[in-house]
1. Kindly list the number of the only condition in (1) buried (at least 22 other Cβ atoms within 10 Å of the Cβ); (2) within 16 Å of the ligand (Cβ to nearest atom) that fails for Thr330.
2. Among the residues in the range 257-265, are any within 16 Å of the ligand (Cβ to nearest atom), part of a helix (DSSP H, G or I) and within 29 Å of the chain's Cα centre (by Cα)?
3. Would you confirm whether or not the range 267-274 contains a residue that is in contact with an Asp or Glu (Cβ under 9 Å, 6 or more places away or on another chain), in a helix (DSSP H, G or I) and at negative phi?
4. Taking the criterion of being assigned to a strand (DSSP E or B) and out of contact with any strand residue (DSSP E or B) (no Cβ under 7 Å at 6 or more places or on another chain), would at least one residue in the range 617-635 satisfy it?
5. Any residue at all in the range 662-670 that is over 30 Å from Ile430 (Cα atoms), surrounded by 17 or more Cβ atoms within 10 Å (Cβ to Cβ) and in contact with a Leu (Cβ under 9 Å, 6 or more places away or on another chain)?
6. Give the range 47-61 a look and list any residue that's crowded, with 20+ Cβ neighbours inside 10 Å and either in contact with a Phe, Trp or Tyr (Cβ under 9 Å, 6 or more places away or on another chain) or under 16 Å from Leu180 (Cα atoms) (or both), or say none.
7. Which residue pairs have Cβ atoms closer than 7 Å, lie 6 or more positions apart in sequence or on different chains, and pair a first residue in the range 646-664 that is on the phi < 0 side of the Ramachandran plot with a second residue that is at pLDDT below 95 and hydrophobic (A, V, I, L, M, F, W, C)?
8. Would you check if there is a residue in the range 360-373 being more than 31 Å from the chain's Cα centre (by Cα), within 16 Å of the ligand (Cβ to nearest atom) and not aliphatic (A, V, I, L, M)?
Amino acid sequence: MGLLCLSLIFTSGATKKSVANYQVIPLPNEIIAHKSQCFTLDKSVKIVYPAGNEKMLKNADFLSQYIKDQCGIETYTTTDSKTKKAIVLRLDLKEAAPEAYRIVVNAQQIIVSAASENGIFYGIQTLRKSIPTEKSTTVEFPAATLNDAPRFPYRGMHLDVVRHFFSVDEVKTYIDILALHNVNTFHWHLTDDQGWRIEIKKYPLLTEIGSKRAETVIGRNTGVYDGIPYGGFYTQDECREIVAYAADRYINIIPEIDMPGHMLGALEAYPELGCTGGPYKVWRIWGISEDVLCVGNDKTLKFIEDVLTELIDVFPSKYIHIGGDECPKTSWKKCPKCQARITSLGLVTDEHHTAEERLQSYFMAYAEKLLNDKGRKIIGWDEILEGGIAPNATVMSWRSMEGGIEAAKLHHDVIMTPNSHLYFDHYQSIDTELEPYAIGGYSSVRKVYEWDPLPASLTNEEQKHILGAQANVWTEYIATLKHVQYMVLPRLAALCEVQWSKPEQKNYSNFVKRIPNLIGIYKLNNYNYARHLFDVSADFSSNSNDGTVDVKLLTLDKAPIHFTLDGSEPTPSSAVYSDILKIKQNAELRAVVFRGQEASRILKDEILFSKSTLKPIKTLQPLNEKYMFNGITTLVDGLHGNKNYKTGRWIAVYGNDMNALIDLEKSTTIQEVAISVCVDKGAWVFDARSLSIETSIDGVTYNRVAMENYPPMKKDDANGVIAHKLSFSPVEARYVKVMIGSEQLLPDWHSGKGSKGFLFVDEITIN
Ligand SMILES: [Zn+2]
C-alpha cells in the first residue's frame, strides 16, 4: 500500500513530507488499500464535527492537538460540513457496535465514522498513531478503508495509589497513557492497609489519620524502615475532576474500597470497627494483615453503607469494586461479636466452607445489596467465590484463571487479571539484577502478548461471561510515576492487542515491527518505557532431528545483530546474524545491536550439551500445570535457568516427585548424572530431598546405580540455584530413570509448615 505516496517523500529546505502508516497498535481489524490518490494533511485541512455535539467537539480538539504535537501541523476545527479538504468526524455508522469505527481515506477527505462518540475516539487514536512523530509540513495518508472494533467490551488497567501515592496530575498522565492504548476502564485501588486515600466527609479521620503512615519498610519486609512519614489522599472534588478527565477519554473509573480485609487505614482512624478495638496502626510493611473489619459489629455495617453512599455519589461507574481478597479469618474466630453474628445468621461449617468464610460471603452480599439497590453492580477479587459468591457479582480472577473459570461456569461475569501474566509489578526481564527492584514474578512483553483471556475449557456460552482482561500495577516497590511508566510500557502495548485485536490477527514478530512508531509517541510525551525490545531476544528450540539447538535472534527493527558463540564480547566487526543458528556443541552466545553510537544490552546465554541433550524424555509423574511451560523436554534442552523460577527454563512438580525416563537412543557409557534445582523458600520452592538413578539396556530391567538423600532445608540456607551430582562406576545403558524427590513436609520454622513444597528443576545432564 501507499506506493503513490512513498514517491513523494523528500526533504527540501523548510518542507518535510512524511507518510502515515496504518500498521498501528492495536492493529485495525481490516485495512483495505485503494489505488487512488492519497490525502494530504497540511495546515489548510480542517477537522469537521457535527454542530451542537459537545463530545464531538472534544474529539475534534483531541485530534487537532495530537496532530500538532506529533508533526507540528496546526489544524482548526469547524462545524461547516461543506469544508472541502477535511478530516470529517461523523456519527453515521448506525448499525455498528458502540466502540467500532470506520475510516475512509480519499484524496479530498478522511472520514471517520462511528455509531457513538466512543467509536470516533478510537478512530482518532488510530489516525493519530498512524502519523509519524516528526516535524512535517505535510503528511500523506494512503487511500484506504479501515474497519475496526474491539474484541472485548472490558479493557482495563489498574493502579494502586495506596502503597505509593500519585498526584492528580500523575493520575491524569496515567489516564492519557491508557487512552493511547484504547483502554476503556481504569480500576483505581484507593484504600488498603498502608493508607486510606479518598475523602469521606462523614468520616474525616479516614484521611486525617488513615491516609498517613509513620514510615515505610525498605525492601521486602526487611525490618529496616526509612523513617519518613508518608501520606496523601484525593478530595472528592479531585476525584470528580479525574472522573471527568477520564470520561472525556472514554475511560470509566471503577473505584475500589478493599473490604473486609486490607482495612488498617480505616482501622487506625476508627478502631471500634475492628474485632479487638485496637489500637491499630496504618501499616509500614507489605503483606496481609490479620486485623480486618469486625463484621459482627453493626457500626461496621453502617460504616460500609455510608462510605459506599458517598463513593457512588463521586463515581458514576456501573461497577464498584469491593475487594474481598486476602482476608484472614483469625480475628473473627476469636471475636465474640463475629461469632454472635455467625450464630444469629445460622452460618455453619461444612465440607465446602467454614462458618467464617460464610461470614465474609454474608458481608460481601450485604455490600452488594446496598449497591444493587442504588443501581450499581459489584466486582470482587476471586476470593469472593469462597463461602459462596454474592448473587450478581462480577469476579476479577487474579490468583490464576481458575477462579474466573469457576465463576463463568456459575454464570457470573468475569474479568481476567491472572498474576501469572498480567501483574505489571512483576519483572519483565530474566536479567533481574539489571532491573529496578520488583516484587518478583516474570512477565515479558511477549508473555503478555501471547496470552489469551478465553480459557479453552469453557463452552462458547460460558466464554461470553469473560468480559475482558486487565493488568494490575501494585506499587509496593514502585514509588514514582516514571517507574510506573517503566513497568507499564510497552507491556500495555502487548495487552492492548490482547484486549482489542482478533486472536487470528495476533502475531508477535509483526507486533514487534509495528511498535517503533508507538514508542515515538512515548518519547514525544516523555513517558519512561522499558527498552528490552530494542535488545536482542533469542528463541531457542530443540531440533532433535538435526541434533541441534536452533536459535533465532530477534530485535524490533532491521538493525544488524552481531553475535559470538565463544563468550567473547561482540563488536561491530563480529558476525552478523542472518539465519537460524544451529548449535550442536557447547556455546556461549553473546548478541548485541548497534544503532549508531548506541549499543543495546548484550544478550548472554549458554547452551550446554551432554549425553542426554535433545534425547527423548518422558515424565513418569505429573508436572505442576502452572509451571510446566514447554513440558518435560525442558529438562534436556541444553538451557539452564537463573534464580528466577518463573522464566520458563524451570519446570515444577508439587505434591509428587519429578521422575523422568530418558532414552539415550543407543547403548552409551555413562558415569555421572547432574541436576540443578531452584530454591525460593518464601515461595515454598524447596530443594530436592533425594536423587536416584536407575539404568537399563532393554527398557525392561532397571538397576539402581546411584542414590543420595539430601537434608531438609534450614531457615538460613540460601535461596538460588543448587546443583546436585551423582557419580558412579561407568555403566552401559540406553535408558536412564532419574528420580528426584520433592519436599513433602515444609519444616516447622516455615510459614507453610506441614505443607508440601514445590520442586523446580531446569536440566538433567548425563555424562
Ligand atoms: Zn469481630
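The values are calculated or read from the model by the stated rules, or taken from the named source; none is laboratory data. Nothing here was measured: the structure is a model prediction, and the numbers come from that model. All Cβ positions, even for glycine, are placed from backbone atoms using ideal geometry, and neighbour counts span all protein chains on display.
1. (1)
2. Yes, the range 257-265 contains a residue that is within 16 Å of the ligand (Cβ to nearest atom), part of a helix (DSSP H, G or I) and within 29 Å of the chain's Cα centre (by Cα).
3. Here is the first cut: in the range 267-274, the residues in contact with an Asp or Glu (Cβ under 9 Å, 6 or more places away or on another chain) are 267, 269, 274.
Filter once more, so that each one left must be in a helix (DSSP H, G or I): 267, 269.
This time we only want the ones that are at negative phi, so: 267, 269.
Taking every residue of the range 267-274 in turn, at least one turns out to be in contact with an Asp or Glu (Cβ under 9 Å, 6 or more places away or on another chain), in a helix (DSSP H, G or I) and at negative phi.
4. Initial filter on the range 617-635 (assigned to a strand (DSSP E or B)): 617-619.
Next, only the ones that are out of contact with any strand residue (DSSP E or B) (no Cβ under 7 Å at 6 or more places or on another chain) stay: none.
Within the range 617-635, none of the residues are assigned to a strand (DSSP E or B) and out of contact with any strand residue (DSSP E or B) (no Cβ under 7 Å at 6 or more places or on another chain).
5. yes
6. Step one: filter the range 47-61 for residues crowded, with 20+ Cβ neighbours inside 10 Å, giving 47-49, 56, 59-60.
The answer is Ile47, Met56, Asn59, Ala60.
7. Thr647/Ile430; Ile651/Met628; Ile651/Phe629
8. Initially, the range 360-373 is screened for residues more than 31 Å from the chain's Cα centre (by Cα), giving 362, 366, 369-370, 373.
Checking which are within 16 Å of the ligand (Cβ to nearest atom) leaves us with 362, 366.
Still in the running and not aliphatic (A, V, I, L, M): 362, 366.
Within the range 360-373, one or more residues are more than 31 Å from the chain's Cα centre (by Cα), within 16 Å of the ligand (Cβ to nearest atom) and not aliphatic (A, V, I, L, M).
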